[in-house]
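The values are calculated or read from the model by the stated rules, or taken from the named source; none is laboratory data. What you see is a predicted model; the values in this text were computed from it and never measured. With ideal geometry, Cβ positions are generated from the backbone for all residues, glycine too; neighbour counts draw on all protein chains shown. Protein only, heavy atoms only, side chains kept; ligands, DNA and RNA dropped before computing areas. Shrake-Rupley method; radii C 1.70, N 1.55, O 1.52, S 1.80 Å.
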Amino acid sequence: MALNGRVLLLNQTYEPLGTVSVARAIIMTFKNTVTVEELEGDRVLRSPQAEYPVPSVIRRRTYINIRRQREASGSKRLRIYIRDKFRCQYCGEKKPPIELTLDHIQPRSRGGDNSPVNVVTACIKCNNRKSDRTPEEARMPLLTSQSALRVKLERVVLCHYAEARADWRKYLFMDVHDDRDIMGKVRKEQKFWS
């Protein structure tokens, strides 16, 4: 089993925090900082002395507040490309990342900010054509509404990973399912730690 897979990391409250490598997930399990919620089928990690089941979903034993950290996080370029599906938001062409740029809907020279709501993926040709104008002034309407751009970038990335991982879907609330079993686990643990 290769160590290059990804494992979904949940907060103590089952809130998705992100992904970690298989190696990091196993280390966190050994340190007893997480509990394993789901295993990745029958896959195991072998050492000369033992076999270890590979986790697919892990959950922290203690709660961490990461909202402020996420708001101030650095590079958002890849997340915006993923959100926009590597497609120019003006002409609609899908391109590799090297042929894409980020465009400010409201130009920075006119007071536009760097928030994800004001930044979209654009091909170089469309970005140059739009120049220092708004989409209306350049007569280049956006293919995606600005309300759709308000989705949290972290959620977009996790949902992108979850497309190939069916066992993650219920933790990301991508499927309609019965939450009573998860809520029962949370209540049981709260009573235990009280």
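Scanning region 74-94 for residues that are open to solvent by 20 Å² or more (accessible area, probe 1.4 Å) and of a type in the set (D, E, K, R) yields LYS76, ARG77, ARG79, ARG83, LYS85, ARG87, GLU93, LYS94. Taking the criterion of being open to solvent by 40 Å² or more (accessible area, probe 1.4 Å), within 15 Å of LYS76 (Cβ to Cβ) and among the acidic types (Asp, Glu), the only residue of region 102-140 that qualifies is ASP113. The number of residues in region 12-66 that are under 17 Å from LEU158 (Cα atoms), surrounded by 15 or more Cβ atoms within 10 Å (Cβ to Cβ) and aliphatic (A, V, I, L, M) comes to 6.
Count of region 1-60 residues, restricted to those that are under 15 Å from TRP168 (Cβ atoms) and not in a strand (DSSP E or B), is 6.
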